[in-house]
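Taking it in order: structure first as structure tokens, then the write-up.
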Amino acid sequence: MERYYQPDIECASREQIRAWQSERLVAQVAHVYKNVPYYRNLMDEKGVTPADIQSVDDLHKLPFLTKNDLREAYPYGLLAMPLSDCVRIQSTSGTTGKRVVAFYTQHDLDLWEECCARALMAAGATNEDVVQVCYGYGLFTGGPGLNGGSHKVGSLTLPMSSGNTDRQLQFMCDLGATVLCCTPSYAAYLAESIHEQGLRDQIQLKSGIFGAEAWSEAMRRDIQEKLGIKAYDIYGLTEISGPGVAFECSAQTGMHINEDHFIAEIIDPETGEVLPDGEKGELVFTTITKQAFPMMRYRTRDICILTREKCSCGRTHVKMCKPMGRSDDMLIVKGVNVFPSQIESVLIAKGYPANYQIIVSRENNSDKLEVQVEMTPEMFSDTVREIATKEKELIDALKAMLGIYAKVQLVAPKTITRSEGKAVRVIDKRNLYDN
């Protein structure tokens, strides 16, 4: 049976959702124009006033915000409330340049935690469950978001944070954790450790909420099989609030966006033109209930598709597919767009663990793509000739998927550094900005 945290909201009519969005957008634009000089200047430059925004239909008139704007306005330039009303910051996990610092009032935290509670209940969590949160705590939004959501649901919450795998497994077994929250790469690592230590019969997990990094359907199937759970995707970013902006339901066919708090658009990343539902483009979010750090038309750089097809779970909020890559950091190798998820799906389909590293370099003005892949312990006992045959098989499979040649190197088990946070999948050694 499908569970909802706020059924009246999650299953509201499309007309009701649209009415909420229009009313809240109008109020939010007035709030931002009055209290955020940085964004007021952007609106003035575009010749837009709050009076021009009467409903969701007028959203396209507003200027975009980008990560560059956040860096320029750092730290307080986009703050829309007095500091005395703010109770917390969260921060991104470190891109180049200045970090993004997001501010929250208590009201903002309550709404964020409600969004995470919706995600947890969609994954089957109740007040009878034990939720083990292995996302990082501190400045990273993963731990605090799911921790707060778990409290709202009334679950027993294990605030483990990331790392210390032996302790994770001890608590998982001793306290009977039923819901696991962490990155998919760490879930895969925990599954590996559970099998190695013969603990499979001692764990009581039934579901997992995995986000913060890209993962393929093949990796989902692998985790589900090894842990005997149902694996749910979750989406969020610090700038918009954190995890819980969108979440997967039992259908596992995309993530419902919490449209009472966030308006989503898909745009052409080159022109900025708004695209219709069903078209692939860059995801843009406008926050309509955040007080301290509202984002108007924030360009996420995530490439995806929105769909309003009726969902079997009963929720009516628009769904986004898994991000299909990034408009800013997807790999372009020999002129071809390459996404790590494509490579991962080939590896898992061929029976390899989801632990690999993509190394891109440039020699004599030509791109070189290398994929280092861990062998399973059984493969490691193969002869040199058998390993070479397996490498050739992967080279052919990757060529079929990507359309370009990738060198493949099979390496010994456990030689690629295990991740307890975000996995480092790509090492790009090219200096693409050299003249």
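The values are calculated or read from the model by the stated rules, or taken from the named source; none is laboratory data. Since the structure is predicted, the reported quantities are computational estimates derived from the model, not experimental observations. All Cβ positions, even for glycine, are placed from backbone atoms using ideal geometry, and neighbour counts span all protein chains on display.
For the condition in the same structural domain as residue 92 (by TED's automatic domain parsing), at pLDDT 95 or above and assigned to a loop (DSSP other than H, G, I, E, B), what is the one hit in 21, 16, 54, 28?
54
Do any residues in the stretch 14-37 that are touching a residue at least 40 places away in the same chain (Cβ under 8 Å) have Cβ atoms under 8 Å from those of residues that are hydroxyl-bearing (Ser, Thr, Tyr) and surrounded by 18 or more Cβ atoms within 10 Å (Cβ to Cβ), where the two are at least six apart or on different chains, and which pairs are they?
These pairs meet every condition: 14/316; 17/316; 24/289; 25/286; 28/286; 28/287; 28/289; 32/39.
Within the stretch 203-315, considering only strands (runs of 3 or more DSSP E) that don't extend past its boundaries, which have at least 2 residues that are closer than 26 Å to residue 2 by Cα?
Strands (runs of 3 or more DSSP E) meeting the threshold: 207-210, 230-237, 242-248, 255-257, 262-267.
Please count how many residues of the stretch 2-48 are touching a Lys or Arg at 6+ places or on another chain (Cβ under 8 Å), under 24 Å from residue 249 (Cα atoms) and among the hydroxyl-bearing types (Ser, Thr, Tyr).
Going through the stretch 2-48 one residue at a time, the tally reaches 2.
Just the residues that are crowded, with 22+ Cβ neighbours inside 10 Å and either closer than 11 Å to residue 262 by Cβ or outside the structural domain of residue 324 (by TED's automatic domain parsing) (or both), please, taken from the stretch 275-293.
Answer for the stretch 275-293, where residues must be crowded, with 22+ Cβ neighbours inside 10 Å and either closer than 11 Å to residue 262 by Cβ or outside the structural domain of residue 324 (by TED's automatic domain parsing) (or both): 283, 284, 285, 286, 287, 288, 290.
Determine whether residue 19 is small (Gly, Ala, Ser), within 30 Å of the chain's Cα centre (by Cα) and surrounded by fewer than 16 Cβ atoms within 10 Å (Cβ to Cβ).
In short, yes.
Is it true that residue 194 is over 30 Å from residue 89 (Cα atoms) and either among the hydroxyl-bearing types (Ser, Thr, Tyr) or modelled with pLDDT of 95 or more (or both)?
It is true that residue 194 is over 30 Å from residue 89 (Cα atoms) and either among the hydroxyl-bearing types (Ser, Thr, Tyr) or modelled with pLDDT of 95 or more (or both).
Which number in (1) within 23 Å of the chain's Cα centre (by Cα); (2) more than 30 Å from residue 89 (Cα to Cα); (3) in contact (Cβ under 8 Å) with a residue 40 or more places away in the chain marks the one condition that residue 179 misses?
Every listed condition holds for residue 179 apart from (2).
Considering (1) at pLDDT 95 or above; (2) over 25 Å from residue 268 (Cα atoms); (3) not aromatic (Phe, Trp, Tyr), say which one residue 65 fails and leave the rest.
(2)
Does the stretch 416-424 contain any residue that is loosely packed, with under 14 Cβ neighbours inside 10 Å, within 30 Å of residue 258 (Cα to Cα) and not assigned by TED's automatic domain parsing to the domain that holds residue 308?
Scanning the stretch 416-424, I find at least one residue that is loosely packed, with under 14 Cβ neighbours inside 10 Å, within 30 Å of residue 258 (Cα to Cα) and not assigned by TED's automatic domain parsing to the domain that holds residue 308, so the answer is yes.
Taking into account only those residues within the stretch 126-176 that are β-branched (Val, Ile, Thr) and in a loop (DSSP other than H, G, I, E, B), which is surrounded by the most Cβ atoms within 10 Å (Cβ to Cβ)?
Looking at the filtered set, the residue picked out is 141.
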